Amino acid sequence: MKKILALAVPAVLVTALVAPVTAASAAPRPADRTVYIERTFSETIDFGDPGSSVGDLRATRGVVRKSLDGKVIGRYTTTQWTIGPGGERGLEERTITMEVTIGRNEVVMVSVYTAPKGATPVDKVVYPIVGGTGKYAGARGTMTLVPVDDLRKRLEFRFM
């Protein structure tokens, strides 16, 4: 019995010390910067089979705002290639390069994501930040895209 107690007490103490750290680290930290984008242009070049299919190239651009309907503070662009089916019926996988420019500062993200065929993402997508210019030169971290509607998205930047 003494051996069991001797082993159980340290285990309980370690669990009590580690559990709060694990729970706290499981929640994402607040964004360092949040902006909203609104698409103003989209063009798709249909390569391969007619309709949305592997090989299609899509370019988009639009404005960056401080708040959902707030002042325009910059612009963004994307280039996207459809690279394959997304595993489930009606989904496709795409590579994307996205640049967000605010003033003379640019953040660049590159990723692969899954979305409904021919449509924008309907779920959150996390993109790695691969660099930037100006105050974002050498930037690393993540950008989470949160759909608001078909034309507008919230971007949450978390820099390392």
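Here, each number is a calculation from the coordinates, and none is a lab measurement. These figures come from a predicted structure and were not determined experimentally. Counting neighbours? That spans all protein chains shown, and the Cβs are built from the backbone with ideal geometry, glycine included.
List of remarks:
- Within-11-Å neighbourhood charge of residue 57 [Cβ basis; K, R +1; D, E -1]: -1
- In plain terms, the chain from residue 45 to residue 79 could stretch by 11.1 nm, reckoned as 0.36 nm per residue minus the Cα-Cα distance.
- Alpha carbon centroid spacing (whole Å) that separates region 120-160 from region 55-79: 11
- Full extension of the chain between residue 122 and residue 59 gives 20.9 nm of extra length, using 0.36 nm per residue less the Cα-Cα distance.
- In terms of distances greater than 19 angstrom between alpha carbons, the cross-link table entries 71/153; 71/135; 66/117 yield 71/135; 66/117.
- Here each label is just a point 7 Å from Cα along the line to Cβ, and for residue 68 and residue 160 those points are 3.3 nm apart.
- Neighbourhood net charge (12 Å Cβ-Cβ; Lys/Arg +1, Asp/Glu -1) for residue 141: +2
- Local net charge near residue 46, Cβ-Cβ under 13 Å (Lys/Arg +1, Asp/Glu -1): -1
- Once C-alpha pairs closer than 8 Å and six or more residues apart are averaged by separation and normalised to the residue number of region 33-159, the relative contact order reads 20 percent.
- Whole-Hz Karplus values for region 72-83 come out as 6, 10, x, 9, 9, 9, 9, 10, 9, 10, 7, 10 Hz, taken residue by residue from phi with 6.51 cos²θ - 1.76 cosθ + 1.60 and θ = phi - 60°; glycine and proline positions read x.
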